[in-house]
Amino acid sequence: MDLKPFLTTKFVGKHFVFFDSVDSTNRIAHDLAEQGIDEGTVICADHQTAGHGRQGRQWFSPPERNLYFSVILAPKQAAIQVSQLSLVAGVAIATTLQKYLGEDKKVGIKWPNDVWIDQKKCCGILCEMVNAGNIETQRLIIGIGVNINLAKKEIPAELKEISTSLFIEIEEITYLSREIILAQFLQELETRYLQWQQQGLGAILTEWDSFSILHQKNIVADMPSGKITGEVLGLSPEGCLRLRLSTGEEQTVSAGDIHILSISSK
Ligand code: BTN
């Protein structure tokens, strides 16, 4: 895969490492990040044999169809702020995909950063920190899998009801260029990363909210401390999910998986 002809960024993706097949691009990125590799390095593969997602789930990674890549960033902010970059990445990918869908269909983000089209997941993001706690050497790995050219019949039975691809949603007959989509995403990411560094999360929260599929939804959050149920009120200025519990109390959720129950009765 040759990204160069399409790349418009200042630094993200300038160092681009492509593999035909790897276990996981996040695993490779992890090793390189430990060695202090340049900020903006992107590790990409045509195929993953052990692609994985949040909560130890597998990520379906067949060859010749999709994008699997990991971006290495070196933010100098404290870890709690760095975790906001998972929202930044979600907005960057949603913006990239929306441009392909035009007005017809709306890309949605399910907190923190699952990207959906038409109630099915099209992209997943797994962020991992390396050397956390040392501002100088810490690295953030943003691992992204996007279903690009996957046809309906190629989706395994157990994922059919919950997964989709850009190719399916825009009802294409020819394959989309993965190189061009990746280059466009890297530009969207770099722009927002620089904006986040200079101005914080503010403007990105507004964008995130415009993609959110959680407005007024009742959800269950699976937190390390147990499950909580509540109505989504939006995001806090730090990017945490604000919930109203049945007791009327407000609680914020900073990490974990969520499941949508219903639209709020209010
Ligand atoms: C999720 O939705 O749970 C996150 C999925 C992340 C998958 C990507 S594919 C590229 C990178 N390498 C991995 O092993 N995982 C991420």
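Of all the numbered requirements in (1) within 17 Å of Gly124 (Cβ to Cβ); (2) within 12 Å of the ligand (Cβ to nearest atom); (3) in contact with a helix residue (DSSP H, G or I) (Cβ under 9 Å, 6 or more places away or on another chain), Ala92 misses one, and that requirement is (2). Out of all the residues in region 133-181, which are among the aromatic types (Phe, Trp, Tyr) and under 30 Å from Gly36 (Cβ atoms)? Matches in region 133-181: none. Taking each residue of region 112-139 that is closer than 25 Å to Met223 by Cβ and looking for partners that are assigned to a strand (DSSP E or B) and modelled with pLDDT under 90 with beta-carbon atoms closer than 9 Å, six or more apart or interchain, yields Pro112/Ile258. Among the residues of region 42-54, those that are farther than 10 Å from Val22 by Cα, near the ligand (Cβ under 7 Å from one of its atoms) and either outside any loop (DSSP other than H, G, I, E, B) or of a type in the set (Ser, Thr, Tyr) (or both) comprise His52, Arg54. For region 137-177, the set of residues classified as within 16 Å of the ligand (Cβ to nearest atom) and small (Gly, Ala, Ser) consists of Gly143, Gly145, Ser163, Ser165, listed by residue number. Within region 1-30, the set of residues being among the charged types (D, E, K, R), within 13 Å of the ligand (Cβ to nearest atom) and part of a helix (DSSP H, G or I) comprises Arg27 only. Selection of first residues in region 239-254 that are in a loop (DSSP other than H, G, I, E, B) and of second residues that are surrounded by 15 or more Cβ atoms within 10 Å (Cβ to Cβ) and not β-branched (Val, Ile, Thr), restricted to Cβ pairs under 7 Å at least 6 apart or on distinct chains, gives the following pairs, ordered by first then second residue: Gly239/Gln84; Gly239/Leu87; Gly239/Leu201; Gly239/Leu205; Leu245/Gly230; Leu245/Gln251; Ser254/Cys240.
Being in contact with a Ser or Thr (Cβ under 9 Å, 6 or more places away or on another chain), closer than 23 Å to Ala203 by Cβ, within 16 Å of the ligand (Cβ to nearest atom) and at pLDDT 95 or above is the requirement here; does Trp116 meet it? In short, yes.
The values are calculated or read from the model by the stated rules, or taken from the named source; none is laboratory data. The structure displayed is predicted, hence computed values, not measured ones. Reconstructed Cβ throughout: ideal geometry from the backbone, glycine too, with neighbour counts over all protein chains shown.
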